[in-house]
Amino acid sequence: MYDLQERRARPRPPNVTIVGAGAIGGLLGAKLSQSAARISFLVRNRAYVNAIERNGLRIMPADGSKPIVARRLLVVDDAAALGPQDYVIIAVKAHHMGGVARTIGPLLGTSTTIVTMQNGIPWWYFHKFPGPLGGRRVEAVDPNGEIANALDPDRVLGCIAYPSAESLEPGVIRHVEGDRFPIGELDGSQSERATQFVELLTAAGFKSFLLDDVRSELWLKLWGNLSFNPISALTHGTLAGICRFPLTRDLVAKMMGEAQQVAEQLGVRFRHTIERRIAGAESVGDHTTSMLQDVQAGRELEIEALLGAVVELGRLTQTPTPHIDAVYACCKLLDKTMADREVAFRGVPRPPVANGRAAQRARPAVAAAAVPL
């Protein structure tokens with residue numbers, strides 16, 4: 001059971017373990033390691049453990065400025081090697097949460113706080129939720145209750161990770177843009193543990209602040225994730241490309257509109273308009289979304305937290321979501337196709353056009369090809 005009184009008695013620098021050393025986990029860890037906190041990583045992939053132990057973590061800013069290199073980091077693949085922590089930051093994708101729940105028990109002491117940074121609707125969404133849906137399990141993301149049974153939701157701080165980054169190779173991360181990590185208690189309270197965590201992030205150079213409504217902030221980011229990510233996975237378009245092509249821009253707006261209707265049925269307040277949210281994504285430029293990166297690498301897609309859960313909440317609130325439903329179905333088939341055929345889909349040069357038109361012959365052409373894993 002979580003014990004807040006024990007936390008208040010601790011004057012020492014906090015012990016922080018980051019679960020996952022990919023784009024967001026690596027970015028966080030590299031910068032937090034320069035703060036007063038004692039940082040460690042729990043990473044299942046041995047290639048990441050070896051690379052970080054050997055070379056440290058290298059953060060490559062997109063503007064070409066000097067890389068940030070963090071060395072002498074503690075990286076393990078077994079939670080028992082670390083013991084109870086003050087904060088456990090879970091920086092893996094939502095569909096890996098079941099595996100995390102089964103393995104991080106040794107990190108959880110009586111006063112350990114869990115900070116979740118997954119995109120989409122989280123497993124804890126209805127914990128401390130007012131109204132008749134309070135305490136309900138989101139079946140799409142925790143169908144058997146495995147996560148909620150292993151991780152006491154009273155431990156949880158919600159966090160929205162806004163930075164855009166990509167893992168170039170184990171231990172090397174390209175930071176595209178953004179530095180915001182807003183934090184919120186699930187009941188909107190202003191707790192000591194949340195305040196301390198905001199201070200940790202701020203000391204590391206991030207922008208962080210306390211939220212009184214973490215779910216509304218979560219939906220603001222989900223607006224983009226549930227539309228741009230799957231559309232990019234299906235079309236291989238970048239953020240700017242999707243926004244500048246009229247048909248996909250219109251599809252994004254329709255999906256966002258359906259999501260907004262669902263969220264507002266649940267009491268969510270949106271502080272931006274749909275057009276402003278789309279314009280913000282367009283301004284990022286020709287960025288490859290994380291879901292498209294997964295398609296190109298042949299990895300399992302993060303579908304349920306971004307789309308399946310919204311479809312589920314639409315049914316619960318009796319709100320139609322036809323455009324989201326259609327994209328969800330297509331993404332599920334894409335994910336199944338990659339798994340069944342054990343392939344990734346990557347952009348490769350296509351053969352020259354045979355009809356003799358000079359303009360088509362002269363223009364470089366790229367197609368998506370299935371590549372065996």
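The values are calculated or read from the model by the stated rules, or taken from the named source; none is laboratory data. Please read these numbers as outputs of a predicted model, since none were measured by experiment. Note that we place each Cβ from the backbone using ideal geometry, even for glycine, and neighbour counts take in every protein chain shown.
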Item to check | Count of residues meeting criterion [under 29 Å from Ala70 (Cβ atoms) and not aliphatic (A, V, I, L, M)] in the stretch 204-223 | outcome: 7
Checklist entry - Which condition number does Gln296 fail, the rest of (1) over 19 Å from Ile324 (Cα atoms); (2) touching a helix residue (DSSP H, G or I) at 6+ places or on another chain (Cβ under 9 Å); (3) part of a helix (DSSP H, G or I) being met? => result (2)
Next on the checklist: So, Glu302, is that one outside any helix (DSSP H, G or I), crowded, with 21+ Cβ neighbours inside 10 Å and not assigned by TED's automatic domain parsing to the domain that holds Gly120 or not?
Outcome noted: yes
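Over 20 Å from the mean Cα position of the chain (by Cα), within 15 Å of Tyr328 (Cβ to Cβ) and part of a helix (DSSP H, G or I): is that true of Leu251 in this structure? Before the answer, list the steps.
On the way: over 20 Å from the mean Cα position of the chain (by Cα): yes; within 15 Å of Tyr328 (Cβ to Cβ): yes; part of a helix (DSSP H, G or I): yes.
Taking the combined requirement at face value, the residue satisfies it.
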Checklist outcome for this item: Checked Ser216, Ser283 against criteria (assigned to a helix (DSSP H, G or I), surrounded by fewer than 19 Cβ atoms within 10 Å (Cβ to Cβ) and at pLDDT below 95); the one match is Ser283
Checklist entry - Across the stretch 189-219, what is the total count of residues that are aliphatic (A, V, I, L, M) and touching a Leu at 6+ places or on another chain (Cβ under 7 Å)? => result 5
Item to check | Enumeration of residues in the stretch 58-111 that are in contact with a helix residue (DSSP H, G or I) (Cβ under 6 Å, 6 or more places away or on another chain), more than 28 Å from Asp294 (Cβ to Cβ) and crowded, with 21+ Cβ neighbours inside 10 Å | outcome: Gln85
Item to check | Residues of the stretch 31-48 that turn out to be buried (at least 18 other Cβ atoms within 10 Å of the Cβ) and under 17 Å from Leu168 (Cβ atoms), as a count | outcome: 2
Next on the checklist: Go through (1) more than 23 Å from Arg315 (Cβ to Cβ); (2) of a type in the set (Gly, Ala, Ser); (3) outside the structural domain of Ser167 (by TED's automatic domain parsing) for Ala263 and report which single condition fails.
Outcome noted: (1)
Next on the checklist: Looking only at residues that are among the basic types (Lys, Arg) and over 15 Å from the mean Cα position of the chain (by Cα) in the stretch 162-212, which one is surrounded by the fewest Cβ atoms within 10 Å (Cβ to Cβ)?
Outcome noted: Lys207
Checklist outcome for this item: Counting only residues in the stretch 320-332 that are of a type outside the set (A, V, I, L, M) and in contact with a Leu (Cβ under 7 Å, 6 or more places away or on another chain), the one surrounded by the fewest Cβ atoms within 10 Å (Cβ to Cβ) is identified as Cys330
Checklist entry - How many residues does the stretch 333-348 hold that are crowded, with 16+ Cβ neighbours inside 10 Å and among the charged types (D, E, K, R)? => result 2
Item to check | Residues of the stretch 331-342 that turn out to be of a type in the set (A, V, I, L, M) and either farther than 12 Å from Pro372 by Cα or not assigned by TED's automatic domain parsing to the domain that holds Ala305 (or both), as a count | outcome: 2
Item to check | Among the residues listed as Ser208, Ser216, the single one being free of Cβ contacts under 8 Å to residues at least 40 places away in the same chain and hydroxyl-bearing (Ser, Thr, Tyr) | outcome: Ser208
Checklist entry - Within the bounds of the stretch 58-68, is there any residue that is part of a helix (DSSP H, G or I) and either closer than 28 Å to Asp179 by Cβ or among the aliphatic types (A, V, I, L, M) (or both)? => result no
Checklist outcome for this item: Exception for Gly267 within (1) without any contact (Cβ under 8 Å) to a residue 60 or more places away in the chain; (2) surrounded by fewer than 15 Cβ atoms within 10 Å (Cβ to Cβ) falls at (1)
Item to check | Residue count, the stretch 133-170 (criterion: within 22 Å of Leu307 (Cα to Cα), of a type outside the set (Asp, Glu) and assigned to a loop (DSSP other than H, G, I, E, B)) | outcome: 15
